[in-house]
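Taking it in order: structure first as structure tokens, then the write-up.
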Amino acid sequence: MAIVTDNPLLVGIDVGTTKVCALVGETDEVGELRILGAGVEPARGMRKGVVVNVEDAATCIAAAVEKAQRSAGYEIGAAFVSLAGSHIASVNSRGVSGIGGGGHGIDQDDIERALDAAQAIAIPHGREVLHVIPRAFAVDGQDGIRQPLGMHGFRLEVEAHIITAASTFVQNLTKCVEAAGVTVEAFVLNPLASGEVVLTETEKEMGAVVCDIGGGTTDLAIFLDGNVWHTMCLSVGGNHLTSDIAQGLRLPADSAEHVKVDYGHAYSREVANTESFMVQPFGEDRPVQVSRLDLATIIEARVEEMFSLVLQEVKRTGYDGLLPAGVVLTGGTSQLPGLRRVASEVLNLPCRVAAPNSLKGMVDKLQGPAFSTSVGLLRWAQNESLALPRGGSSKRRGGRGGGRGRGPNLGKGLDIFRRLLP
Ligand SMILES: Nc1ncnc2c1ncn2[C@@H]1O[C@H](COP(=O)(O)OP(=O)(O)OP(=O)(O)O)[C@@H](O)[C@H]1O
Ligand SMILES: [Mg+2]
């Protein structure tokens, strides 16, 4: 039976280092996001946020997509896909355009020309533009303008945040997603997708940094004055904690992972030295007792190092004094007890842990902070007002037609710009 609704179907695929999560959703009658289907699959062929084995990554993306299709009852044609990794770079740049005649003031064309000019920075060979995000405008030298549309003047300046990615990494991920029969509608940088879900409007206005700590990456985005001011992707994450535990306690990786999740703590001062647990290390005939405090000491050292890196990055941007709303931690690793305190102490900022909330629909397994990027992709799709009729982005399972037949919109950035306009 065909579903009678004009709501566009929203599809996101979060290709993480530890899991792939494909989500299908829609905007309901009251404008809220409703999840229609979800497919989560342990990731393979990924390392530190990038594809290292195309075949393995393609297989698990296809499996996640298949599960999402089955649970939603729709075939996925195109999707917004997350992107991260240390190959991501960002730069702030200015662009200028003359304001067109016609007496109607600044129009969309003028803004797009200014953004094009900002984008005309030298992009090194082998890199492509992922996002062009306007941070602020100036009209005839008057700066601090958030929404220049309709204003009169002669000269429009834009200050833009430009995010670029290494083409080869983008191509590899595109290949994997396409092998699953899905067209990449657009790539969205991980922390931008997460920011959609975990930050309040007030935090974005006041100044806050999103810190999404997953398995292989720590992704950062600084929001200020309601806009994205800076983004960074670091190649450290929860997997480093697991391998430290594996080394420190001489355990196989899967046992170390269980130990971390079941007994891990990032703030040793909160752990009583009477607590202990049993593990079976290499070279031992029977399980041995390990103090939880020893485990916390191993974890704490690495977590402090991770947040020192975050601090260094934030300081490098020069916005470290402009973040009164502090740090919002998310991603699977943010569930580690004590992490918030370490973050707060090292960064000397207020800190909270956040996850997608007030979701509607099939939400059972999407409540945790590991799903912020995944849900964020749907919010991104929603905000982009894809406005695809059913059968555009995706089709009723068993129906006709495929995706939009469009490649990734790298270098486009203007839809995103429209969406991000304050
Ligand atoms: N309760 C927990 N305590 C500590 N760590 C946890 C817990 N639950 C999950 N993790 C860790 O979270 C990480 C996975 O997080 P997430 O699902 O956000 O990563 P990802 O999106 O697959 O990877 P990335 O974004 O880095 O590419 C793993 O390292 C896992 O061990
Ligand atoms: Mg992730």
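The values are calculated or read from the model by the stated rules, or taken from the named source; none is laboratory data. Source: prediction; values computed, not measured. Virtual Cβ from ideal backbone geometry, glycine too; neighbours counted across all protein chains shown. In case anyone asks, the SASA skips ligands and DNA or RNA and just uses the protein heavy atoms, side chains included. Shrake-Rupley method; radii C 1.70, N 1.55, O 1.52, S 1.80 Å.
Residue 268 meets the conditions (1) in contact (Cβ under 8 Å) with a residue 24 or more places away in the chain; (2) polar (S, T, N, Q); (3) under 23 Å from residue 84 (Cβ atoms) in every case but one. The failed one is (3). Quick one: would you say residue 62 is aliphatic (A, V, I, L, M), over 13 Å from residue 182 (Cβ atoms) and more than 16 Å from ligand 1 (Cβ to nearest atom)? Answer is no for this residue. Filter segment 282-299 for residues that are open to solvent by less than 70 Å² (accessible area, probe 1.4 Å) and part of a strand (DSSP E or B); which is nearest to residue 342 (Cα to Cα)? This residue is 291. Among the residues of segment 156-164, are any over 28 Å from residue 368 (Cβ atoms), free of Cβ contacts under 8 Å to residues at least 24 places away in the same chain and away from ligand 2 (no atom under 16 Å from the Cβ)? Checked against the condition, which is being over 28 Å from residue 368 (Cβ atoms), free of Cβ contacts under 8 Å to residues at least 24 places away in the same chain and away from ligand 2 (no atom under 16 Å from the Cβ), segment 156-164 yields no hits at all. Of all the residues in segment 19-40, those that are away from ligand 2 (no atom under 16 Å from the Cβ) and either among the aromatic types (Phe, Trp, Tyr) or open to solvent by less than 10 Å² (accessible area, probe 1.4 Å) (or both) number 6.
Residue 383 meets all of the listed conditions (1) at pLDDT below 95; (2) crowded, with 18+ Cβ neighbours inside 10 Å but one, namely (2).
Going by the conditions given, is residue 231 within 12 Å of ligand 2 (Cβ to nearest atom) and of a type in the set (Val, Ile, Thr)? Criteria not met by residue 231.
In segment 224-231, the count of residues that are open to solvent by 20 Å² or more (accessible area, probe 1.4 Å), more than 16 Å from ligand 1 (Cβ to nearest atom), assigned to a strand (DSSP E or B) and touching a residue at least 24 places away in the same chain (Cβ under 8 Å) is one or more. If you scan segment 347-380, which residues turn out to be open to solvent by 40 Å² or more (accessible area, probe 1.4 Å), part of a helix (DSSP H, G or I) and touching a residue at least 40 places away in the same chain (Cβ under 8 Å)? If the condition is that a residue be open to solvent by 40 Å² or more (accessible area, probe 1.4 Å), part of a helix (DSSP H, G or I) and touching a residue at least 40 places away in the same chain (Cβ under 8 Å), then 365, 379 are the ones that fit.
From the list 93, 82, the one residue that fits, being hydroxyl-bearing (Ser, Thr, Tyr), within 16 Å of ligand 1 (Cβ to nearest atom) and part of a strand (DSSP E or B), is 82.
Table: residues versus (1) buried (at least 16 other Cβ atoms within 10 Å of the Cβ); (2) not charged (D, E, K, R).
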{"residue": "236", "(1), (2)": "yes, yes"}
{"residue": "246", "(1), (2)": "yes, yes"}
{"residue": "254", "(1), (2)": "no, no"}
{"residue": "265", "(1), (2)": "yes, yes"}
{"residue": "277", "(1), (2)": "no, yes"}
{"residue": "280", "(1), (2)": "no, yes"}
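Screening segment 172-185 for residues that are within 16 Å of ligand 1 (Cβ to nearest atom) and within 18 Å of residue 128 (Cα to Cα) and picking the one that is most open to solvent (accessible area, probe 1.4 Å) gives 172. Counting only residues that are open to solvent by less than 10 Å² (accessible area, probe 1.4 Å) and closer than 30 Å to residue 138 by Cβ, segment 52-96 holds 1 of them. Residue 112 meets each of the listed conditions (1) at pLDDT below 95; (2) assigned to a strand (DSSP E or B); (3) open to solvent by 10 Å² or more (accessible area, probe 1.4 Å) apart from (2).
Looking across 43, 58, 38, one residue alone is in contact with a Ser or Thr (Cβ under 7 Å, 6 or more places away or on another chain), within 15 Å of residue 172 (Cβ to Cβ) and modelled with pLDDT of 95 or more. It is 43. Within segment 312-329, is even one residue under 16 Å from the mean Cα position of the chain (by Cα), assigned to a helix (DSSP H, G or I) and within 16 Å of ligand 2 (Cβ to nearest atom)? Taking every residue of segment 312-329 in turn, none turns out to be under 16 Å from the mean Cα position of the chain (by Cα), assigned to a helix (DSSP H, G or I) and within 16 Å of ligand 2 (Cβ to nearest atom).
Does at least one position in segment 14-34 carry a residue that is away from ligand 1 (no atom under 16 Å from the Cβ), of a type in the set (D, E, K, R), touching a Gly at 6+ places or on another chain (Cβ under 8 Å) and in contact (Cβ under 8 Å) with a residue 40 or more places away in the chain?
Yes; the residues of segment 14-34 include at least one that is away from ligand 1 (no atom under 16 Å from the Cβ), of a type in the set (D, E, K, R), touching a Gly at 6+ places or on another chain (Cβ under 8 Å) and in contact (Cβ under 8 Å) with a residue 40 or more places away in the chain.
The single residue among 188, 158, 210, 261 that is modelled with pLDDT of 95 or more and within 10 Å of ligand 1 (Cβ to nearest atom) turns out to be 261.
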